[in-house]
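Accompanying notes for the structure given below.
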Amino acid sequence: MLSVSDARARILSHFQNTTEETLPLIQCANRVLAVDVTAAHDLPLFNNSSMDGFAIRAVDSQGAEVDSPLTLKVVADIPAGSAPTVILTKGQATRIMTGAQLPQGADAVIPVEDTDFNSREAGTVAPQTVSFARNVKAGENVRPRGMDLHAGDIVLRKGRKLKPQDLGLLAMLGIANVEVYKKPLVALFSSGDELIEVDAPLTDGKIHDSNSYALAALIESTGAELLRLGVAKDTRESVTDLLEKAANEKVDLIISSAGVSVGAFDYIKEVIESNGKLDFWRVNMRPGKPLAFGEYRNKPFVGLPGNPVSAFVGFEVFVRPMLEKLSGQLDGSRLKIKVRCDEEIESDGRESYLRAKIRNEEGVYIATLTGHQGSGNLLSLVQADALLIIPAGVKCVPVGQEVEALLL
Ligand code: AMP
Ligand code: MG
């Protein structure tokens, strides 16, 4: 049977990033950059004050002390957003606000609270003179031009998923339109005669379709667009019908859950093969062994297992990396850390993903399993912070041993 890493490599080799589109900056949160972004100008763009106070020549403050304060003449008032016209000379100061451009000649700012000018209310006019009783160093409270970055610097790399702070930086650089990758479109359906809608009354033998909710949210968490197709019955016709619906749209991937096992009513594999091909349908892992990959009418297809935890794990292990690659993202968004097991863990030798809570004890991450690990027990997944990865071939992990954990 295929190992997890071989299966993942096989899957990923089928995918490339989507094409690019240019979007207004406001629509670019969580989108993936399709180009390197280079700064067209320095930041800050001009020397400016980091405090409300008085711009001075530092040399004019030398010798100021509590017993012998110095007084400078205030020759201008510089609010934020104005371009100063004065050039400071010996003995002169200007009032200046945070973010305002420093006048020529000035090289420091003394904060208003370190001066004799105590009026802070909005609307107060600048004083004629200002006194202070301490030395000011050149550069104090000044944010010099280019302090943060220079024109020509690459500030964001292709393949980065844009965070809110990235949008702020792009705006600072005056970049109004951004080249990003198109969102992948993913079709999703569940399958099984036992499934009913979440708002339908439960009758004998029926259960609510939960996979289509969890998987929809997972798909959208990657930034992909979702096409929800509902539930297929356990018949050839119904499965075909939904696969046809998916294939008739411009989807980048079709995902189903359930019906890929060896049950008498598991039609998915057969229908896929009737109009496409199956690359594999089992992976040596737990939970989630019945996991199919192939294509239907040339559209990539993943058949996740039906059990809710298996479907989730299959998504995290195979589909998330796939959608990240499709969306052009270069760094995976799930972190793996080393954790120490709080209890002995038995495994059956397949690569296993176990639900665990993680706590930090004096700098060491400790993992405790969250209840029984049956693949239908969604509550223990809800309670988990991470999936512990027990490698293939390992039958027992003793207390205190380190394993990798995929943070959720
Ligand atoms: P199957 O792969 O069709 O044999 O399904 C395996 C298990 O997953 C069965 O217990 C199903 O009832 C359950 N199951 C399948 N689809 C869903 C779903 N959409 N939501 C919740 N449970 C499901
Ligand atoms: Mg079924």
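The values are calculated or read from the model by the stated rules, or taken from the named source; none is laboratory data. Just so you know, these numbers come straight off a predicted model, no measurement behind them. As a convention, Cβ positions derive from the backbone with ideal geometry for all residues, glycine included, and neighbour counts pool all protein chains shown. For the accessible areas, the whole protein counts, side chains as well, though only heavy atoms, and no ligand, DNA or RNA atoms are used. Shrake-Rupley method; radii C 1.70, N 1.55, O 1.52, S 1.80 Å.
Remark: pairs (first residue in the stretch 173-201, free of Cβ contacts under 8 Å to residues at least 12 places away in the same chain; second residue within 16 Å of ligand 2 (Cβ to nearest atom) and open to solvent by 10 Å² or more (accessible area, probe 1.4 Å); Cβ separation under 9 Å; 6+ apart in sequence or on different chains) = D199/H208; A200/K206; A200/H208. Here the condition is being farther than 17 Å from P308 by Cβ, in a helix (DSSP H, G or I), modelled with pLDDT of 95 or more and more than 10 Å from ligand 1 (Cβ to nearest atom); of L218, L243, it holds for L243 alone. Only one entry of K357, K325 meets the criterion of being open to solvent by 60 Å² or more (accessible area, probe 1.4 Å) and either of a type in the set (A, V, I, L, M) or assigned to a helix (DSSP H, G or I) (or both), and that entry is K325.
Within the set S327, S333, the sole residue that is modelled with pLDDT of 95 or more, more than 20 Å from I268 (Cα to Cα) and among the polar types (S, T, N, Q) turns out to be S327. Please determine whether any residue of the stretch 343-359 is farther than 24 Å from S3 by Cβ and in contact with a Gly (Cβ under 7 Å, 6 or more places away or on another chain). Scanning the stretch 343-359, I find no residue that is farther than 24 Å from S3 by Cβ and in contact with a Gly (Cβ under 7 Å, 6 or more places away or on another chain), so the answer is no. Hey, can you tell me all the residues within the stretch 246-271 that are within 16 Å of ligand 1 (Cβ to nearest atom) and surrounded by fewer than 17 Cβ atoms within 10 Å (Cβ to Cβ)? Passing the criteria: V262, G263, A264, F265, E270.
For the stretch 9-53, the set of residues classified as under 26 Å from G314 (Cβ atoms) and in contact with a Phe, Trp or Tyr (Cβ under 6 Å, 6 or more places away or on another chain) consists of I11, N17, T18, V32, listed by residue number.
Only a single criterion out of (1) open to solvent by 40 Å² or more (accessible area, probe 1.4 Å); (2) at pLDDT 95 or above; (3) within 15 Å of ligand 1 (Cβ to nearest atom) is not satisfied by A292, namely (1). Across the stretch 1-20, the number of residues qualifying as outside any loop (DSSP other than H, G, I, E, B) and either within 20 Å of the chain's Cα centre (by Cα) or crowded, with 19+ Cβ neighbours inside 10 Å (or both) comes to 4.
Selection within the stretch 272-289: residues that are crowded, with 23+ Cβ neighbours inside 10 Å and of a type in the set (A, V, I, L, M, F, W, C). The member of this set that is nearest to S375 (Cα to Cα) is M285. All of R134, R120, R145 fail the test of being out of contact with any Leu (no Cβ under 9 Å at 6 or more places or on another chain), surrounded by 13 or more Cβ atoms within 10 Å (Cβ to Cβ) and not hydrophobic (A, V, I, L, M, F, W, C), apart from R134. Residues that are over 24 Å from V397 (Cβ atoms), open to solvent by less than 10 Å² (accessible area, probe 1.4 Å) and away from ligand 2 (no atom under 16 Å from the Cβ) within the stretch 295-319 comprise Y296, F301, V302, F315, V319, listed in sequence order.
Among the residues of the stretch 88-124, the ones that are in a loop (DSSP other than H, G, I, E, B) and at pLDDT 95 or above come to 15 in all.
Per-residue answers, yes or no, for (1) surrounded by 22 or more Cβ atoms within 10 Å (Cβ to Cβ); (2) on the phi < 0 side of the Ramachandran plot; (3) over 21 Å from the mean Cα position of the chain (by Cα):
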position: L202; (1), (2), (3): no, yes, yes
position: I207; (1), (2), (3): no, yes, yes
position: A217; (1), (2), (3): no, yes, no
position: L226; (1), (2), (3): no, yes, no
position: D234; (1), (2), (3): no, yes, yes
position: L243; (1), (2), (3): yes, yes, yes
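Here is a list: A258, A246. Which entry is within 16 Å of ligand 2 (Cβ to nearest atom) and farther than 30 Å from K163 by Cβ? Among A258, A246, only A258 is within 16 Å of ligand 2 (Cβ to nearest atom) and farther than 30 Å from K163 by Cβ.
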